Amino acid sequence: STDFFWSLRKKAPNSIFVCWDYDNHHWVALSVMVSILVDIYIPAHSENVNAITKFNMNSFGPIPCGTLQWSKDFAKKNLKKITNTNRSNEPLGHHFEYKHFTYRNGMIRKVNEVYKEVALVKPVYHDKTPTQRLDEWTNHKVHWVMPVFNDLPLRLFDAVFTGGIPLIPKTL
């Protein structure tokens, strides 16, 4: 909450508060509030940067954040799985349906007519263990990436991290 933040600032008057905002492409209202509250604001996505950074003169970026779902140690422990798994030629592209992005949803449905593993799915992905998620990603050679507003999505980095090939729009 903002009360907690202001209390923290009072207790640390010589500190510089920096935010690396990895969700500025979806939650604009919160991103604007955070950019006002911190000393330095760094967005992770190019979407909405022009509007959000008008509230903080000490903004720069965007600086993409790469994968968030696996650690470097996890990758080291699973390197054989990442490099030696027999992979399907069928592209993987499970996406959550966002009701405000009807064009994107429609494109995924259209691709699904040809590639069954490119589909809108129920949001249960985060209930899976890191190993289950890695298994899903490493079982496919190619990963279909359907961004919102042509924004660089985290799944591009997830595909590279797991040894896959991200299939992305030419504009990215």
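The values are calculated or read from the model by the stated rules, or taken from the named source; none is laboratory data. Just so we're clear, the structure is a prediction, and the values are computed from it rather than from any experiment. Neighbour counts are summed over all protein chains in view; Cβ atoms, including those assigned to glycine, are modelled from backbone coordinates with ideal geometry. Each accessible area value is taken on the protein alone, full model and side chains, heavy atoms only, with ligands, DNA and RNA left out. Shrake-Rupley method; radii C 1.70, N 1.55, O 1.52, S 1.80 Å.
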Between Glu90 and Val148, the two model label points (7 Å from Cα along the beta-carbon direction) sit apart by a distance in nm of 2.7
At 10 °C and 1.306 mPa s, the Stokes-Einstein diffusion coefficient in µm²/s for the chain, with hydrodynamic radius from the Kirkwood sum on alpha carbon pairs, is 88
Roughly to the nearest percent, how much of the accessible area of the chain is carbon and sulfur, given a 1.4 Å probe? 60
For Phe17, what residues show an amide H to amide H distance below 5 Å, using hydrogens built from the backbone and excluding near sequence neighbours? Asp39, Ile40
Angle in degrees between helix 2-11 and the longest Cα principal axis of the chain, rounded to the nearest 10: 60
Computed accessible area, Ser35, all protein chains, 1.4 angstrom probe, square angstrom: 0
Once you've got the GNM for the chain with C-alpha springs shorter than 10 Å, pick whichever of Tyr22, Tyr41, Tyr125 has the biggest mean-square fluctuation. Tyr125
Per residue of region 31-40, what does 6.51 cos²θ - 1.76 cosθ + 1.60 with θ = phi - 60° give for ³J(HN,Hα)? Whole Hz please, x for Gly and Pro, Karplus curve as stated. 4, 4, 4, 5, 4, 6, 7, 9, 7, 10
The answer for Ala119, listing residues at least 5 apart or on another chain whose modeled amide H is closer than 5 Å to its amide H, is Gly93, His94, His95
What size of dipole, in debye to the nearest 20, comes out for the chain about its Cα centre when the only charges are +1 on Lys and Arg C-beta atoms and -1 on Asp and Glu C-beta atoms? 320
Helix-only estimate, please: 222 nm mean residue ellipticity of the chain, summing -39500 (n - 2.57) across DSSP H runs of length 4 or more and dividing by its residues, to the nearest 500. -10000 deg cm²/dmol
Average accessible surface area per residue within the chain, 1.4 Å rolling probe, Å²: 63
Would you please put 75-84, 153-162 in order of how densely packed they are, using the mean number of other Cβ atoms within 10 angstrom per residue and starting with the highest? 153-162, 75-84
Which of the residue pairs Lys10/Lys54; Lys80/Lys110; Lys122/Lys170; Lys11/Lys54; Lys54/Lys128; Lys76/Lys141 have a Cα-Cα distance greater than 31 Å in the structure shown? Lys80/Lys110; Lys54/Lys128
Any idea what the relative contact order of the chain is, in percent, if you count C-alpha pairs under 8 Å spaced at least 6 apart? 18
Projected onto the charge dipole of region 1-133 (unit charges on the beta-carbon of Lys, Arg, Asp and Glu, signs +1, +1, -1, -1), the Cα from Tyr41, Ile52, Trp70 with the largest positive-side position is that of Trp70
Name the residues whose placed amide hydrogens come within less than 5 Å of the amide hydrogen of Ser59, ignoring near sequence neighbours (fewer than 5 apart) on the same chain. Tyr41
